[in-house]
Structures are given as structure tokens and as C-alpha cells.
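Heads up, the thing below is written out as C-alpha cells.
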Amino acid sequence: MKVAGAHYRTIWPLASGAVRVIDQSRLPFELVTVDLATLEDAAHAIKAMLVRGAPLIGATAAYGLALALREDASDRRIEEAARVLQATRPTAVNLAWAVTRVRRAIAPLDPRQRFEAALREAGDICEADVEQCRSIGLHGLEVIRGLATPSTRRINILTHCNAGWLACVDWGTALAPIYMAHDAGLPVHVWVDETRPRNQGAALTAFELGAHGVPHTVIVDNLGGLLMQRGEVDMVIVGSDRTTAGGDVCNKVGTYLKALAARDNTVPFYAALPVSTIDWNLELGRDVEIEERPAAEVAEVVGRTAAGTVGSVRVVPEGSAVLNLAFDLTPARLVTGIITERGVCAASREGLASLYPERRRAS
Ligand code: MRU
């Protein structure tokens with residue numbers, strides 16, 4: 001997508017063999033990049049959330065595994081690098097998916113060929129992600145078109161967290177249909193949940209929608225319910241960090257409450273995600289490991305002062321206990337549909353199997 005007229009992706013390889021990423025911890029205040037040259041650089045970028053969002057975590061992990069093999073591409077090194085990367089963020093299944101995919105591609109090769117082959121595989125993962133997100137956008141566009149009537153003043157779409165191009169390699173998942181609807185001339189307007197504790201909505205979704213010229217309004221996380229009661233939300237679209245084979249959607253904490261409010265107000269609730277986010281080994285959301293993150297993310301808020309200094313301020317009394325679980329689970333029964341690169345389906349085993357017949361379980 002474009003920022004100030006220049007086309008960006010979130011991650012790209014350099015001729016030196018290193019990888020460049022946008023440092024999202026500095027947005028929306030500064031658009032700066034960081035080069036990742038080692039396994040440790042990649043693991044740190046994921047853990048400290050310089051990069052975040054399930055598909056981008058997967059893409060960075062794929063490059064991280066490649067970088068680990070520059071000097072030593074032995075089986076032992078591959079094992080060790082996979083362990084380091086998988087320990088960074090446990091919930092987004094794209095990470096394990098990408099690491100497994102690179103491992104499969106390089107395992108049969110002579111160690112001398114593995115670094116180059118791993119880089120190629122990571123590049124292929126990125127290209128596939130872009131194409132999948134583009135396809136999600138096209139399928140989601142048709143869903144949005146279905147909401148428009150000749151008298152529609154504006155189509156109000158609520159989203160939570162950041163599931164835009166910054167969460168992927170390009171386009172995004174939940175935001176791809178919105179970009180395409182906007183570009184097609186549909187009058188979309190986005191309610192952007194700020195998404196405490198890290199404010200990915202306020203900082204990242206607002207940044208990217210603004211850069212693309214999509215009308216949007218940032219709201220506190222708790223306003224969505226009232227807006228739905230007032231008929232001011234036509235649709236909710238979120239991304240996902242892991243969706244089970246049974247259609248339960250794990251996404252940024254707060255998503256479940258939006259789904260409940262949507263059901264109570266007959267607002268359609270969609271999750272948009274690529275195949276790499278589906279965990280075919282899990283049936284139920286309750287079995288997903290939910291990441292617990294540092295208390296400081298809740299106790300402190302990052303912002304820029306009027307004088308231009310960026311920093312964090314404490315908003316919780318010293319000594320109060322804080323719990324910071326990063327994701328929650330929306331049961332399939334609250335999800336109107338899942339938008340994938342292959343089309344839109346019901347949030348159920350049968351629905352997903354209709355789009356991915358090759359994953360249908362033999363019974
Ligand atoms: O903790 P984050 O910022 O990595 O969480 C991101 C989300 O929850 C997104 O909604 C999800 O990864 C879907 S991204 C396309």
C-alpha cells in the first residue's frame with residue numbers, strides 16, 4: 001500500500017542477505033525501518049512487536065530461520081532456530097506454519113544450499129501472502145457491496161486491532177476488502193477500535209486508513225456496543241491470529257465482546273484470514289494458547305506530548321495487580337462468515353472444508 005505516494009511493504013529482503021522491516025513500535029509518530037541480520041534480530045523484532053500481526057509474524061519468522069542458517073545450516077541449528085522463533089509469540093499460528101514450511105523446503109538439501117533455499121522460501125511465503133490478501137479483499141468486497149443500497153449514505157464498518165497491510169506483507173486481511181470497497185467508490189467509513197493495551201487500532205489502523213484516504217473515526221473500545229444499538233454499524237470485520245478447524249476465531253482481546261454485541265444487534269460479524277491462520281489440528285478455540293504479555297503494556301500508555309517527545313506514562317497506581325492476556329476467543333456460533341482467499345464460508349468445520357476440501361478429515 002502507499003504512504004505519501006510511495007509504495008511500501010512491511011518486509012523485504014536486501015541484497016546483503018539481511019531483511020528490512022518497518023518498525024511498527026514507532027508508528028504513527030515516525031515511519032522508520034530496521035534491518036534484521038541475524039536470528040536474534042528477527043526473534044527480537046517479533047517479541048518486542050516491531051513487527052506484529054499474524055501473517056507478518058509468519059513472514060518474519062520465515063526470514064528469521066533463513067538468517068539463522070547463514071553461518072551454520074546444520075540440522076541442529078535448524079532445530080535451535082525453530083525453537084527460538086516459536087517461543088517469541090505463541091498464539092499466532094502463522095509463525096509455526098511458516099517455520100514448518102521453510103524447514104520442509106530445506107530439510108532434504110545439502111547444508112551448503114540451505115541458506116539460499118530458505119531465503120527463497122521466505123520470499124515465496126511473502127508473495128503468496130500478498131496474493132492471498134488481495135483475494136480476501138476481492139471476496140470481502142462482494143460482502144460489502146451486498147450491504148450497499150442505492151440510498152446508502154455511508155457503509156459503517158467496525159474493526160478491532162490492526163488487520164491491515166501493516167499486519168501482513170501488503171493489503172491486509174480485514175482491511176483489504178475495505179481498501180477495495182473504497183477504491184471501487186463505495187462510501188465506506190470505518191469505526192476504528194483503539195484496541196488497548198497497545199492501541200494498534202488508534203496507532204496503526206488509523207495511520208494506514210488515513211494514508212490511503214479511507215474515512216475513519218477512532219473510538220474507545222467500549223463504544224462499539226452503543227453504536228450498534230443506534231444502527232450505526234453495518235458490519236464488523238476483524239482479522240484472526242488463529243482460527244480453528246471448527247471455526248472458532250482467536251483474535252486480539254476485545255474481539256469476543258464485539259461479536260456478542262453484534263449478535264445482540266443483528267450486525268453481521270466477519271473474520272477475514274488466509275489459510276495460514278487456520279489451525280487444522282485444533283477443533284475448539286479453548287485449546288488455543290493465549291499469550292500473556294508484560295504488565296507494563298496495560299499499566300503504561302505510549303504517546304507523544306505536545307512538545308513532540310514520544311514516551312510512555314503510567315496510568316495504573318503502583319502496586320495494583322495487572323493481567324495482560326493479548327487475545328480472546330470468539331465462538332463460531334457468533335461468526336456470520338469467514339472470508340478467506342478462496343471465498344466466504346460458514347464458520348464451521350463443514351464451511352471451511354467446503355473451501356479447503358483437501359483438508360477434509362477422513363471419517
Ligand atoms: O498483537 P498483535 O498486534 O500481533 O495482534 C494482531 C491481531 O490481533 C490482528 O487482528 C491479527 O493478527 C490478524 S492480522 C491480519
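Checking the condition part of a strand (DSSP E or B), surrounded by 16 or more Cβ atoms within 10 Å (Cβ to Cβ) and in contact (Cβ under 8 Å) with a residue 24 or more places away in the chain, which residue from 217, 243 passes? Spell out how you get there, then give the answer.
Values: 217 fails: surrounded by 16 or more Cβ atoms within 10 Å (Cβ to Cβ).
That would be 243, the only listed residue that is part of a strand (DSSP E or B), surrounded by 16 or more Cβ atoms within 10 Å (Cβ to Cβ) and in contact (Cβ under 8 Å) with a residue 24 or more places away in the chain.
Name the single residue, out of those in region 25-44 being closer than 22 Å to residue 80 by Cβ and small (Gly, Ala, Ser), that is most open to solvent (accessible area, probe 1.4 Å).
Just the residues of region 25-44 that are closer than 22 Å to residue 80 by Cβ, to begin with: 36-44.
Then keep just the ones that are small (Gly, Ala, Ser); that gives 37, 42-43.
Values: 37: 39, 42: 1, 43: 12 Å².
Here the answer is 37.
What residue, of 110, 41, 23, is within 16 Å of the ligand (Cβ to nearest atom) and either at pLDDT 95 or above or under 15 Å from the mean Cα position of the chain (by Cα) (or both)? Before you say what the answer is, go through the steps one by one.
Details: 110 fails: within 16 Å of the ligand (Cβ to nearest atom); 41 fails: within 16 Å of the ligand (Cβ to nearest atom).
On inspection, the qualifying residue turns out to be 23.
What's the total number of residues in region 45-63 that are touching a strand residue (DSSP E or B) at 6+ places or on another chain (Cβ under 7 Å) and crowded, with 24+ Cβ neighbours inside 10 Å?
Pass one, region 45-63, residues touching a strand residue (DSSP E or B) at 6+ places or on another chain (Cβ under 7 Å): 45, 50-51, 56, 59-60, 63.
So of that shortlist, the ones also crowded, with 24+ Cβ neighbours inside 10 Å come out as 45, 51, 56, 59-60, 63.
Final tally of qualifying residues: 6.
Across region 262-285, which residue is farthest from the chain's Cα centre (by Cα) among those that are surrounded by 22 or more Cβ atoms within 10 Å (Cβ to Cβ) and part of a helix (DSSP H, G or I)?
Out of the qualifying residues, it is 262.
Considering only residues that are within 18 Å of the chain's Cα centre (by Cα) and either among the hydrophobic types (A, V, I, L, M, F, W, C) or away from the ligand (no atom under 16 Å from the Cβ) (or both), which ones fall in region 187-245?
190, 191, 192, 202, 203, 204, 206, 207, 209, 236, 237, 238
Please find, within region 246-261, the residue that is nearest to the ligand (Cβ to nearest atom) out of those that are crowded, with 24+ Cβ neighbours inside 10 Å and among the small types (Gly, Ala, Ser).
The selected residue is 259.
Between a first residue in region 171-186 that is in a loop (DSSP other than H, G, I, E, B) and a second residue that is acidic (Asp, Glu) and within 13 Å of the ligand (Cβ to nearest atom), which pairs have beta carbons less than 8 Å apart while being 6 or more apart in sequence or on different chains?
none
So which of 141, 166 ends up being more than 18 Å from residue 251 (Cβ to Cβ) and assigned by TED's automatic domain parsing to the domain that holds residue 280? Let's see the steps before the verdict.
On the way: 166 fails: more than 18 Å from residue 251 (Cβ to Cβ).
None of the others qualify; the one that does is 141.
The values are calculated or read from the model by the stated rules, or taken from the named source; none is laboratory data. Computed from a prediction, not measured in an experiment: that's the story for all the values here. Heads up, the Cβs are rebuilt from the backbone with ideal geometry, glycines too, and the neighbour counts pull from every protein chain shown. Ligands, DNA and RNA are excluded from the accessible area calculation, which covers all protein heavy atoms including side chains. Shrake-Rupley method; radii C 1.70, N 1.55, O 1.52, S 1.80 Å.
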